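Quick notes on the structure that follows.
No value in this document is a laboratory result; all are computed from the given coordinates. Just so we're clear, the structure is a prediction, and the values are computed from it rather than from any experiment. Cβ atoms come from the backbone with ideal geometry, glycine included; neighbour counts cover every protein chain shown.
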């Protein structure tokens, strides 16, 4: 499970150090892909394969399936962290997410998200009140607790 907020720097080659607590789960390989809200999502390779299985087995005779498969694959990159725990974000993905040197790496339970620092600050500030309300609705169990 990925948790917490971290602020590594993106170097001139588009690399950053994964937070130490995320490295073991991502050491064997990962997929970086475009995500909603103009951020990037990083999944362990096994999680990405499981998550995309319905898409990969859907009939390619359907235009919507082909379109989704293309957009998903074209916006993804498989990577392996180097021995120091650095990951390289390809230029097209850095551009998509508007990443500069200052980034925020957020644990999002089943994935890691990479945000431009200013984008994360604006997003999290805007979501604070919504989060308080969602907490009551989403985390309430069947007994109303």
Next on the checklist: Any residue at all in the stretch 69-85 that's more than 19 Å from residue 111 (Cβ to Cβ), in contact with a helix residue (DSSP H, G or I) (Cβ under 9 Å, 6 or more places away or on another chain) and assigned to a loop (DSSP other than H, G, I, E, B)?
Outcome noted: no
Checklist entry - From the residues in the stretch 33-45 that are in a helix (DSSP H, G or I) and surrounded by 13 or more Cβ atoms within 10 Å (Cβ to Cβ), which one is nearest to the chain's Cα centre (by Cα)? => result 38
Next on the checklist: Looking at the stretch 49-68, can you tell me whether even one residue there is under 14 Å from the mean Cα position of the chain (by Cα) and loosely packed, with under 12 Cβ neighbours inside 10 Å?
Outcome noted: no
Next on the checklist: Looking at the structure I just gave you, is residue 30 within 22 Å of residue 7 (Cβ to Cβ), touching a residue at least 60 places away in the same chain (Cβ under 8 Å) and surrounded by 11 or more Cβ atoms within 10 Å (Cβ to Cβ)?
Outcome noted: no
Item to check | Count of the stretch 112-134 residues which are loosely packed, with under 12 Cβ neighbours inside 10 Å and within 18 Å of residue 94 (Cα to Cα) | outcome: 0
Item to check | The one condition in (1) part of a helix (DSSP H, G or I); (2) surrounded by 16 or more Cβ atoms within 10 Å (Cβ to Cβ) that residue 92 fails to fulfil | outcome: (2)
